[in-house]
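Chemist: Handing you a structure now.
Derivation of every value follows stated rules applied to the coordinates shown; laboratory data play no part. Since the structure is predicted, the reported quantities are computational estimates derived from the model, not experimental observations. Methodologically, a virtual Cβ is constructed for each residue, glycine included, from the backbone with ideal geometry; neighbour enumeration extends over all protein chains shown.
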Amino acid sequence: MILLQLFAAFARVGVLTFGGGYAMIPMLEREIVDRHGWATSEELMDYYAVGQCTPGVIAVNTATFIGCKTAGNIGGVVATLGVVFPSFVIITVIAGIIRSFSDIPAVRSAFAGIRVCVCVLIFNSVIKLWKSAVKDKAALLLCLLVFVLGVFFNISPIVFVLFCAAAGILFTRLGVRGK
Amino acid sequence: MKLLLTLFFEFFKTGLFAVGGGMATLPFLYDMSARHPDWFTTAQLADMIAVSESTPGPIGVNMATYVGFRTAGVLGGLITTLGLVAPSVIIILIVARVLKQFRENKYVDAAFYGLRPCSVGLIAAAGVLVVKIALFDFDAYALSGSLSDLFKVKALILAAVLLVLTRAVKATKKLHPIFFIVGSAAVGVLFSF
């Protein structure tokens, strides 16, 4: 029964969250803390912090965490399936519709306009992330290095991720962090 | 069958290495479109971002489902979504057992100190690629050699207006992205972009 509740609770979180990330915190509070009492607010914040410090989609990480704490490994899997289920259904329907309309000239114009908006949205999220991620000179150096190499060379992002994780450890050991 | 396996593997890699949520999957999708040009183009990827931002659910998951569906139908969407979340599930199930040690581990902390700026740099670099197709026309410029063909003037004006509305005007700053996306679609149709 608990598994069904987990699936339903996380499906509700998935369907009510636009954009993922921080947007899902109020929904999680309501479902997990207020409604089911599966975790306290502090625990939720801890899970969320870990979700951010592990690879993958933050919403999925948090869902797996709470599911696992509530009902073991199978709970983690069920909560994850719950949080991605609405996305899967909604996107499949929309992708099907767009595919059959994308040859209409007006639809093409609409998407050309939308692409301009996407540029601005990406720019805004870069600014937001920049504020929390780049706080000292060493971080600034890493960020600019990745940006420049990323723009001018065709290098897999995996290379950058591994390199920067190593650089983070090295910089911390050398004591250049925070300066 | 081979296509489905490749899709699963590609999104498994994305789920394993994309750190920081949301747009963090974007650079991996760009890399993917470069290596699998038959899956989706850069322009289609920009459309996917818009669809993912305007529908409920985590953006990374939305993008995975969308790419999978475009490439290999409903089954493709299912495979990519599962591929994306599989590394998360495995890692979190392990971390959940050693939560305290993990959070206080100085190597984990130091690695993330380097990973956060990396994520910003990667997303910004992917953003430049969207800017190149949305605001400029390098193909027309290469053909004519005239600078006036390089800039998409209407698109640049729209970008400037959106920038002001999303960053400077108090009344519109906090609006959900879907309003700007729908508005930009309307402008695109009205002024035939």
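Chemist: Above 34 Å lies some portion of the pair distances; for the protein assembly as shown, what is it as a whole percent of all C-alpha pairs?
Modeler: 26 percent
Chemist: Mind checking the angle between helix B:2-17 and chain B's longest principal axis? C-alpha axes, 0 to 90 degrees, to the nearest 10.
Modeler: 80 degrees
Chemist: While we're here: Which number gives the lysine pairs in chain B that have C-alpha atoms under 23 Å apart and are eight or more places apart or on different chains? Let's see the in-between values first.
Modeler: Working: B:Lys2/B:Lys13; B:Lys132/B:Lys152; B:Lys132/B:Lys154; B:Lys154/B:Lys173.
So the count of such lysine pairs works out to 4.
Chemist: Between B:Phe136 and B:Lys173, what length comes free when the chain is fully extended (0.36 nm per residue of separation minus the Cα-Cα distance, one decimal in nm)?
Modeler: Details: separation 37, 0.36 × 37 = 13.32 nm, distance 2.59 nm.
Roughly 10.7 nm would be gained on extension.
Chemist: Give me Rg over Rh for region A:134-179, both radii from the alpha carbons and Rh done the Kirkwood way, two decimal places.
Modeler: Values: Rg = 11.1 Å, Rh = 11.0 Å.
With Rg and the Kirkwood Rh in hand, the quotient comes to 1.00.
Chemist: So, one more: Taking the 0 to 90 degree range and rounding to the nearest ten, how far is the long axis of helix B:177-190 tilted relative to the main principal axis of chain B, both from C-alpha atoms?
Modeler: So the inclination is approximately 30 degrees.
Chemist: Please sort through the DSSP H helices of chain A and keep those with an alpha-carbon extent of at least 27 Å along the long axis and a Kyte-Doolittle average not below 0.5. Walk me through the numbers on the way to the answer.
Modeler: Working: long enough: A:58-101 (45 Å, 1.53); A:105-133 (41 Å, 1.18).
Helices meeting the criterion: A:58-101, A:105-133.
Chemist: Next question, about the same structure. For region B:142-190, what are Rg and Dmax over the alpha carbons, in angstrom?
Modeler: For region B:142-190, the Cα-based Rg and Dmax read 14.0, 43 Å.
Chemist: Return an integer: the convex hull volume of the alpha-carbon atoms of chain B, in Å³ per residue.
Modeler: Values: hull volume 32.0 nm³, N = 193.
Dividing the Cα hull volume of chain B by its residue count gives 166 Å³.
Chemist: Peptide A:6-15: average number of partner chain Cβ atoms within 10 Å per residue? Kindly include the intermediate steps, with their values, before the conclusion.
Modeler: Details: counts 0, 0, 0, 0, 0, 0, 0, 3, 4, 3.
Counting other chains' Cβ atoms within 10 Å and averaging over A:6-15 gives 1.
Chemist: Report the net charge of residues surrounding B:Lys154, where surrounding means a beta-carbon distance below 13 angstrom and charges are Lys +1, Arg +1, Asp -1, Glu -1.
Modeler: The answer is +1.
Chemist: Pick from A:Val161, A:Val93, A:Val33: which residue has the top mean-square fluctuation in a GNM of chain A where Cα pairs under 10 Å get a spring?
Modeler: Judging by the Gaussian network model, the answer is A:Val161.
Chemist: Averaged across A:97-110, how many Cβ atoms of other chains sit within 10 Å of each residue's Cβ atom? Please list the in-between numbers first.
Modeler: Numbers: counts 0, 7, 2, 0, 0, 2, 0, 0, 2, 5, 3, 5, 9, 12.
Partner Cβ neighbours, averaged per residue: 3.
Chemist: If you fit an axis through the alpha-carbon atoms of helix B:153-167 and take the longest principal axis of the Cα set of chain B, what angle between them do you get, 0 to 90°, nearest 10?
Modeler: 50 degrees
Chemist: Separate question: Net charge around A:Val118, counting only other residues with Cβ within less than 9 Å of its Cβ (Lys, Arg = +1; Asp, Glu = -1)? Don't skip to the answer; put the middle values down first.
Modeler: Values: positive: A:Arg115; negative: B:Asp47, B:Glu53.
That sum, taken over residues with Cβ under 9 Å, equals -1.
Chemist: Kirkwood Rh, Cα Rg: Rg to Rh for region B:39-79? Don't jump to the answer; show the numbers that get you there.
Modeler: Numbers: Rg = 9.5 Å, Rh = 10.0 Å.
Dividing the radius of gyration by the Kirkwood radius yields 0.95.
Chemist: Next up: Under a Cβ-Cβ cut-off of 13 Å, what is the net charge of the residues other than A:Met45 that fall near it, where Lys and Arg count +1 and Asp and Glu count -1? Spell out each step's value before the answer.
Modeler: Values: positive: B:Arg103; negative: A:Glu29, A:Glu42, A:Glu43, A:Asp46.
Result for the neighbourhood of A:Met45: -3.
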